[in-house]
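Nothing in this text is a laboratory measurement; each read-out follows from the coordinates by a stated rule. Since we're looking at a predicted model, the values are computed, not measured. All Cβ positions, glycine included, derive from the backbone under ideal geometry; neighbour counts span all protein chains shown.
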Amino acid sequence: MDAIEFMKLAIVDEKGAVAKYKQAAKAAKDPAAKALFERFVDEEQVHIDILEGEIEKLKKAGKK
């Protein structure tokens, strides 16, 4: 598996985490817990953005 393929798989995992944290935030009764899960959603999205950016860098560099 090359670096791009690995990062694409990591993005799938990150998106799964986003979905779980969104679900947890929606179900949370405690406002502090809801805010925590919403923060986790934002953090996971940052990870996705970083991975996508790194994939683009590798593609521009001609690597797989």
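Okay, here's what the table says:
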read-out: Eligible aspartates and glutamates near Lys26 by straight Cα distance, threshold 15 Å, same-chain separation 8 or greater; value: Glu38, Asp42
read-out: Net charge of neighbours whose Cβ lies under 12 Å from the Cβ of Gly16, counting Lys and Arg as +1 and Asp and Glu as -1; value: 0
read-out: Exceeding the 19 Å Cα-Cα cut-off - candidates Lys15/Lys57; Lys8/Lys57; Lys15/Lys59; value: Lys15/Lys57; Lys15/Lys59
read-out: Total formal charge among the other residues, if their Cβ is under 9 angstrom from that of Leu51, Lys/Arg +1 and Asp/Glu -1; value: -3
read-out: Pairs of Cα atoms farther than 15 Å apart, the chain, %; value: 55
read-out: Cα centre as origin, Lys/Arg/Asp/Glu Cβ charges: the range 3-60 dipole, Debye; value: 220
read-out: Residue order, fewest to most surrounding Cβ atoms within 10 angstrom, among Leu36, Leu51, Leu9; value: Leu9, Leu36, Leu51
read-out: Neighbourhood net charge (11 Å Cβ-Cβ; Lys/Arg +1, Asp/Glu -1) for Ala27; value: +4
